[in-house]
Amino acid sequence: QKEVEQNSGPLSVPEGAIASLNCTYSDRGSQSFFWYRQYSGKSPELIMFIYSNGDKEDGRFTAQLNKASQYVSLLIRDSQPSDSATYLCDLRGKLVFGKGTKLTVNP
Amino acid sequence: NAGVTQTPKFQVLKTGQSMTLQCAQDMNHNSMYWYRQDPGMGLRLIYYSASEGTTDKGEVPNGYNVSRLNKREFSLRLESAAPSQTSVYFCASTPPGAGEQFFGPGTRLTVL
């Protein structure tokens, strides 16, 4: 198993829906996780990071970490067309990124 | 405060040619990174430098060399370019103790 696996998509949701993006990882010792958004032709930019089990909310974005099951998720509520981008999860300490999930939000 | 800058933005090389990609950051960050991004492959780490004077290999170092010239600058060199090195190259940096990476705008390299 690769160190981090990301549901590669693509994922398409209607405007206003919840988009769910997931990553699983193999190293139980991994401590911190970062989610980046990358618009087409642009560089990645940080959306959220999470260190502790449970949920972390920031506006329409919620990061969820489950260390026992070794997965981290990003939920986008009330999805907007401007959320259409590729989302990358980053396993810090291992310097490993997931392959990214391309999200399209349809008006 | 320009953040992370990369030059050039675009480059076309012929097989066997050499070139150096330049990266600089003005945020006083200790760690710097070079990634390549290919369609469907996400970001793959080529080399990184945890601090001035040190460099380490990442996931895909073959065919590349790096130099951490000083705290601000981290360059990536292709000695003999191959078509397999056609990619978008991103430089990034992180401040001490923090995980967030700040990315440059990228260099789109084509090797014919």
Compute the distribution of all C-alpha to C-alpha distances in the protein assembly as shown, in bins of 5 Å from 0, and list the percent of pairs in each, rounded to whole numbers. 1, 7, 15, 18, 18, 16, 12, 8, 4, 1, 0
Summed buried accessible area for B+A [probe radius 1.4 Å, Å², rounded to 100]: 1300
Of B:K14/B:K71; A:K99/B:K71; A:K67/B:K9; A:K99/B:K57, pairs whose Cα-Cα distance is over 28 Å: B:K14/B:K71; A:K99/B:K71; A:K67/B:K9
In whole percent, how big is the carbon plus sulfur part of the accessible area of region A:6-80, probe 1.4 Å, protein atoms only? 48
Please compute, for the alpha-carbon atoms of chain B, the extent along each of the three principal axes and give them in descending order in Å. 40, 26, 25
Among the residues of region A:75-107, which ones have their accessible area go down by 40 Å² or more when all the protein chains sit together, as opposed to their chain alone (1.4 Å probe)? A:R92, A:L95, A:F97, A:K99
Counting only heavy atoms of protein chains, what accessible area per residue, in Å², does chain A have with a probe of 1.4 Å? 48
Can you list the HN-Hα couplings for region B:65-75, worked out from phi with the Karplus curve (6.51, -1.76, 1.60; θ = phi - 60°), rounded to whole Hz and with x for Gly and Pro? 9, 10, 9, 9, 5, 6, 5, 7, 10, 9, 10
Name the residues of region B:84-103, by number, that are at least 30 Å² less accessible with every protein chain in place than in the isolated chain; the surface is that of heavy atoms, probe 1.4 Å, without ligands or nucleic acids. B:F90, B:G99, B:E100, B:Q101, B:F103
Within straight-line cross-link reach of A:K102, aspartates and glutamates at Cα separation under 18 Å, skipping those fewer than 8 residues along the same chain: A:E5, A:E15, A:E45, A:D78, A:D83, A:D90, B:D38
If N is the residue count of region B:23-66, its Cα Rg over 2.2 N^0.38 Å rounds to 1.22
Over region B:1-96, what relative contact order in percent results from Cα pairs under 8 Å that are six or more residues apart? 36
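The values are calculated or read from the model by the stated rules, or taken from the named source; none is laboratory data. This is a predicted model, so every value here is computed, not measured. Ligands, DNA and RNA are stripped out before the accessible areas are found, and what is left, the full protein with its side chains, is counted by its heavy atoms. Shrake-Rupley method; radii C 1.70, N 1.55, O 1.52, S 1.80 Å.
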